[in-house]
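The values are calculated or read from the model by the stated rules, or taken from the named source; none is laboratory data. This one's a predicted model, so the numbers in the text were calculated from it and none came from an experiment. Note: ideal-geometry Cβ built from the backbone for every residue, glycine included; neighbour counts use all protein chains shown. When the accessible area is computed, the model is the full protein with side chains, heavy atoms only, and any ligands, DNA or RNA have been set aside. Shrake-Rupley method; radii C 1.70, N 1.55, O 1.52, S 1.80 Å.
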Amino acid sequence: MAIVNVTIIEGRPQSVKDRLAAALTDAMVKELGAPPEHVRVVFNEIADGSYAVAGKTVRLKGNPDYPSDN
């Protein structure tokens, strides 16, 4: 079994997570030879503002560079 853990800021549309899960599954099948039914993708969603870079918390929502509606 292959398990892929993905940590992202919460709030991404389900369609984005669905596409990402499919792409990661395809990559695991291609690179590891794992059968698709043995690939697990786990999304760990972090609340916006709940992590920091260089000692400063990061807020993505409201940021024009944050692709929240794709």
**Request:** Starting from segment 31-47, keep only residues that are closer than 30 Å to residue 11 by Cα, then list their pairs with residues that are among the charged types (D, E, K, R) whose Cβ atoms are within a distance under 7 Å, requiring at least 6 positions of separation or different chains.
**Result:** 43/17; 45/10; 46/10; 47/10
**Number of the exception - residue 8 against (1) in contact (Cβ under 8 Å) with a residue 12 or more places away in the chain; (2) of a type in the set (Val, Ile, Thr); (3) open to solvent by 60 Å² or more (accessible area, probe 1.4 Å)** = (3)
**Asked** Looking only at residues in segment 53-70 that are open to solvent by 60 Å² or more (accessible area, probe 1.4 Å) and modelled with pLDDT of 70 or more, which one is nearest to residue 17 (Cα to Cα)?
**Response** 61
